[in-house]
1. Can you count the Lys pairs in the chain with C-alpha separation below 20 Å, eight or more apart or on different chains?
2. Across the chain, where is the longest run that never hits GluC sites (Glu not before Pro) in a DSSP loop with at most 14 other C-beta atoms within 10 Å?
3. Taking the 0 to 90 degree range and rounding to the nearest ten, how far is the long axis of helix 15-28 tilted relative to the main principal axis of the chain, both from C-alpha atoms?
4. Let me spell out the model: positive unit charges on the Cβ of Lys and Arg, negative unit charges on the Cβ of Asp and Glu, origin at the Cα centre of the chain. What dipole size does that give, in debye rounded to 20?
5. Expressed in nm to one decimal, what extension gain is obtained for the pair D54 and Q3 from 0.36 nm per residue of sequence separation less their Cα-Cα distance?
6. As I understand it, the value is the acute angle between the Cα axis of helix 57-68 and the longest principal axis of the Cα atoms of the chain; what does it come to in degrees, rounded to 10?
7. Which percent of the Cα-Cα distances in the chain go past 23 Å?
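Throughout, read-outs are computed from the coordinates displayed, never taken from laboratory work. Just so it is clear, the model here is predicted, and its values are computed rather than measured. All Cβ positions, glycine included, derive from the backbone under ideal geometry; neighbour counts span all protein chains shown.
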Amino acid sequence: MEQRIGVIGIVFENREENAQKINSIIGEHNGIIVGRMGIPYRERGLSVISLIIDGSTDQIGAMTGKLGSLKGVKVRTALVTK
């Protein structure tokens, strides 16, 4: 299966409600995560997480699909072929 390297951007509202769910999903897929940065953007009432990932499109899609199904969570992905 072809491996991809990329960046996933996650922007979400309701930190109290969503942070634990997001962290749980990220933890389930920690095998494809190379790095992570999270920043609370208090002035806008948002939180932002960026992930550097290395995995198959199926693995990446499984994680982003779960994240994107959460209410108030927006996910965008940029991938390149290894």
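1. Details: K21/K66; K21/K71; K21/K74; K66/K74.
Value for the chain: 4.
2. That gives 14-82 as the longest site-free run.
3. 20
4. Dipole of the chain, to the nearest 20 debye: 180 debye.
5. On the way: separation 51, 0.36 × 51 = 18.36 nm, distance 0.67 nm.
This chain segment gains 17.7 nm when fully extended.
6. Approximately 10 degrees, to the nearest ten.
7. On the way: 560 of 3321 pairs.
Result: 17 percent of Cα pairs exceed 23 Å.
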